[in-house]
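The values are calculated or read from the model by the stated rules, or taken from the named source; none is laboratory data. Keep in mind that what you see is a predicted model, and the values were worked out from it rather than measured. Methodologically, a virtual Cβ is constructed for each residue, glycine included, from the backbone with ideal geometry; neighbour enumeration extends over all protein chains shown. Ligands, DNA and RNA are excluded from the accessible area calculation, which covers all protein heavy atoms including side chains. Shrake-Rupley method; radii C 1.70, N 1.55, O 1.52, S 1.80 Å.
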Amino acid sequence: MLELILCDDEPVFCRNLRTILQTELDLCGISCRITEYHSGKSLIRDLSPEKDQQIFFLDIEMEGLNGMDTAKIIRSKNAHAVIIFITSHPDFVFQGYEVRALNYILKPYKKEKILSLLHTALNELNAAADTGLLIEQRSGNIRLPFGSIRYFFSEKHSVYVVTQSDTLSFYGKLSDLENTLPNCFVRIHNRYLINLRYLNAIEKSTAYLGEDSLPISRSCKQDLSVAYAKYMLNERN
């Protein structure tokens with residue numbers, strides 16, 4: 001499993017960074033474990049043996065064991081970890097060559113920079129290679145990235161997948177599919193599952209996804225409203 005380790009002696013920065021990273025990884029359908037530390041010493045105490053799927057976000061300017069010295073210890077134990085520095089002063093980052101750091105993030109955070117570096121790190125680890133929905137077709141198997149799927153609907157014994165450019169189908173049940181999807185997919189009806197990324201508005205008993213209007217059942221409406229509110233809050237952070 002992919003592991004993200006955040007280390008910053010200011011907890012508020014850890015929380016904000018975690019929210020951005022978790023939301024994006026959920027949207028991409030990538031399972032992960034995110035762990036927060038507020039000192040280099042506490043991180044090093046829990047440092048696991050070498051693993052292939054680790055990304056470290058390290059604040060450089062921490063009391064005690066600073067981020068650079070923490071990175072040196074991490075690198076001595078894990079040759080494959082991806083290290084990204086966090087700092088208020090870009091002058092510090094030139095020392096990052098010593099530990100083969102991928103890049104750095106300046107405080108205050110810019111969401112676009114964080115997401116760009118996250119995807120670069122994932123490519124380094126090849127963590128996103130097998131994510132998505134695998135659909136068996138007569139012409140061969142197709143893997144659809146979760147981010148490209150707008151919604152699912154069922155009809156008789158088939159499930160239909162609606163993307164930005166196509167509609168595909170396969171034999172199955174929405175109830176079986178639902179448990180395999182990232183958190184951004186929410187049930188709105190016994191026949192519909194939508195990707196919150198594409199939800200534009202909720203009005204009474206209708207969900208609007210671009211030009212498509214889909215029915216919302218009474219039993220799903222409250223859960224949908226809560227999930228959408230949380231999603232929009234995370235998007236604004």
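Before moving on, here are some points about what is shown:
- Sorting 196-204, 17-25 by average packing, meaning the other beta carbons within 10 Å per residue, from highest down gives 17-25, 196-204.
- Computed from phi, the 3J(HN,Hα) profile of segment 105-110 under the Karplus parametrisation 6.51, -1.76, 1.60 (θ = phi - 60°) reads 10, 8, 7, x, 4, 10 Hz, with x in place of Gly and Pro.
- Averaged per residue, the chain has 54 square angstrom of accessible surface, using a 1.4 angstrom probe with ligands and nucleic acids left out.
- Report note on the peptides 213-221, 68-76: ranked by the mean count of other C-beta atoms within 10 Å, highest first, their order is 68-76, 213-221.
- Taking Cβ atoms as reference points and 14 Å as the exclusive limit, the residues near residue 154 contribute a net charge of +1, counting Lys and Arg as +1 and Asp and Glu as -1.
- As a fraction of the 1.4 Å probe accessible area of the chain, surface on carbon and sulfur atoms comes out at 46 percent.
- Among beta bridges that DSSP assigns inside the chain, antiparallel share in %, nearest 5: 60
- Computed over the chain, the range of Cα coordinates on each principal axis works out to 61, 40, 28 Å, biggest value leading.
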